[in-house]
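Enquirer: Input: one structure, supplied below.
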Amino acid sequence: MYTPSYHQIMTELNVPQLAAVGGLSLYVAGVGIGPMFLGPLSEFYGRRPIYLVSFSLFALFLLPCALARHIAVLLVFRFLAGMAGSAFLSVAGGTMGDMFNKAEVGASMMLYTTSTSVRSISKPKVGRKLMGFRWDQVRAPSSVVLSTSISIGAGPPGSQ
């Protein structure tokens, strides 16, 4: 949902296109760096606490993005949101291993990975349809609702 909002970000924050695109780049950098921290932490504290804390932080870090009036605030919190939201990369394999037996885990991982790819492909298309709204009006409520609902039901009860 971020890509279709470049023009609005450039206009409202009075920044060049390179700065507006930086929000996406820093988010992806955060998604790449986050698993280096979240993966080992899940070995010490278990997967469920990592899901709950990281998705809660993800929702919290997206609020300043939606309310940002300066590009630096947007860029810093996009990076932090990417790091917090990267739990799906570092912890999902272990969770699938806990939920399914060895014969079923391959198919479940295939469905999980495909769903994340389809979501990434469809976001810009959905975002273009929603551009009747301001970019910050769409991002904050949808991210908070989604992240909170995921956090409440994160992982199986016995997931360690």
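The values are calculated or read from the model by the stated rules, or taken from the named source; none is laboratory data. Since the model is a prediction, treat every value here as computed from it, not as a measurement. All Cβ positions, even for glycine, are placed from backbone atoms using ideal geometry, and neighbour counts span all protein chains on display.
Enquirer: From the list L111, L89, L62, which one is under 19 Å from the mean Cα position of the chain (by Cα) and under 30 Å from E12 (Cβ atoms)?
Expert: None of the other options fit; the residue is L62.
Enquirer: Which residue is farthest from F77 (Cα to Cα), if the candidates are limited to the range 1-43 and must be at pLDDT 90 or above and of a type in the set (F, W, Y)?
Expert: Among them, the one singled out is F37.
The rows are residues; the columns are (1) hydrophobic (A, V, I, L, M, F, W, C); (2) within 20 Å of S115 (Cα to Cα); (3) in contact with a strand residue (DSSP E or B) (Cβ under 8 Å, 6 or more places away or on another chain).
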| position | (1), (2), (3) |
| --- | --- |
| T3 | no, yes, no |
| F37 | yes, no, no |
| E43 | no, no, no |
| D98 | no, yes, no |
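Enquirer: Is it the case, given these coordinates, that A59 is among the aliphatic types (A, V, I, L, M), over 14 Å from F37 (Cα atoms) and surrounded by fewer than 20 Cβ atoms within 10 Å (Cβ to Cβ)?
Expert: Here the answer is no, as A59 does not meet what is asked.
Enquirer: From V31, V15, V53, V73, which residue is part of a loop (DSSP other than H, G, I, E, B) and surrounded by 14 or more Cβ atoms within 10 Å (Cβ to Cβ)?
Expert: V15
Enquirer: I would also like to ask the following. When you check F79 against the structure, is it at pLDDT 95 or above, part of a helix (DSSP H, G or I) and over 23 Å from T114 (Cβ atoms), yes or no?
Expert: Here the answer is yes, as F79 does meet what is asked.
Enquirer: Provide a single number: the residues in the range 1-12 that are part of a loop (DSSP other than H, G, I, E, B) and either over 13 Å from the mean Cα position of the chain (by Cα) or aliphatic (A, V, I, L, M) (or both).
Expert: Residues in the range 1-12 being part of a loop (DSSP other than H, G, I, E, B) and either over 13 Å from the mean Cα position of the chain (by Cα) or aliphatic (A, V, I, L, M) (or both): 1 in total.
Enquirer: So, one more: Select from the range 76-95 the residues that are farther than 15 Å from P35 by Cβ and out of contact with any Pro (no Cβ under 6 Å at 6 or more places or on another chain) and write down the one among them that is surrounded by the most Cβ atoms within 10 Å (Cβ to Cβ).
Expert: R78
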